[in-house]
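Remarks on the structure that follows.
The values are calculated or read from the model by the stated rules, or taken from the named source; none is laboratory data. Predicted model, so just to flag it, every value in this text is computed and none were measured. FYI the Cβ positions are ideal-geometry reconstructions off the backbone, even for glycines, and counts take in every protein chain you see. The accessibility values were calculated without ligands, DNA or RNA, using every heavy atom of the protein model including side chains. Shrake-Rupley method; radii C 1.70, N 1.55, O 1.52, S 1.80 Å.
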Amino acid sequence: MSSHRVLVTCGPAHEPIDDVRRLTNQSSGELGAILANTLAEAGFEVVCYRGEGATHPAPPVPIQPFGTNASLEKLLQKEVGGFDAVFHVAALCDFLVDNYRPGKIRSDTDRLTIRLRPAPKIISTLRALFPAAAIVGWKYEVEGTGERALERGRRQMSKCQTDACVVNGAAYGEGFGFLMAKSDEVLHLTDKRTLSRHLVGWLQKFLQER
């Protein structure tokens, strides 16, 4: 068994509109679950921080549930330096509700305006929290060209000081693009299981060379 401890974040976050309604996204948590399971099968000690709204069955590893971006951030801050690798697969909220209302907004309200403000990017905090870890981010893009999506992935690595980035979404096309901070190569991976196996191999090599 590996003594290396690995964190996988997966599934959707949500942000409350009132005490019974929320904004979220369509993430099922499937990719993070597959990756966590593949890492565990390879002998890594895996912990999964899993969005409460994930619908895909949870992986057979220790699970820490989170709800909002802020609750995930609190979990991460409790583990400063505690992981050898972080795979940040979770689909977090890009916007926060600026006019949250306690209680329940009446359903017979004629019109409701929800004001949104950009959410701080948790990925930009990971290097400070886990300075020695291998960190992999995700870039999901639905508009523009495949090359533009890859360029945004490269910018994410540079800005957030991550070691690699997985690019996917309609802008990229079918499958996944894998980028590394120290290489100009783009590796195309056809599906989630192929991607997960590649990430395990990449991490094993990364840790050996560190």
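Taking the range 33-108 and the strands (runs of 3 or more DSSP E) fully enclosed by it, the elements with 1 or more residues that are closer than 19 Å to L203 by Cα are at 45-51, 85-88.
Remark: pairs (first residue in the range 40-65, of a type in the set (K, R); second residue open to solvent by 20 Å² or more (accessible area, probe 1.4 Å); Cβ separation under 8 Å; 6+ apart in sequence or on different chains) = R50/A58; R50/I63; R50/Q64; R50/P65.
Annotation note: Cβ proximity below 6 Å between a residue of the range 158-171 that is open to solvent by 10 Å² or more (accessible area, probe 1.4 Å) and a residue that is in a strand (DSSP E or B) and not hydroxyl-bearing (S, T, Y) (sequence gap 6+ or interchain) occurs for D163/A134; D163/I135; N168/F176. In the condition set (1) within 30 Å of L199 (Cα to Cα); (2) surrounded by 18 or more Cβ atoms within 10 Å (Cβ to Cβ); (3) in contact with a strand residue (DSSP E or B) (Cβ under 7 Å, 6 or more places away or on another chain), G82 is compliant with all but (2). Among the residues making up the range 133-151, a single one is among the charged types (D, E, K, R) and crowded, with 21+ Cβ neighbours inside 10 Å: K139. Output yes when any residue across the range 96-112 is hydrophobic (A, V, I, L, M, F, W, C), open to solvent by 30 Å² or more (accessible area, probe 1.4 Å) and farther than 20 Å from E52 by Cβ, and no when none is. Yes, the range 96-112 contains a residue that is hydrophobic (A, V, I, L, M, F, W, C), open to solvent by 30 Å² or more (accessible area, probe 1.4 Å) and farther than 20 Å from E52 by Cβ. For the range 146-159, the criterion of being of a type in the set (D, E), on the phi < 0 side of the Ramachandran plot and in a helix (DSSP H, G or I) is met by at least one residue. Looking only at the range 54-67, residues that are surrounded by fewer than 20 Cβ atoms within 10 Å (Cβ to Cβ) and farther than 27 Å from S3 by Cβ come to 4 in all.
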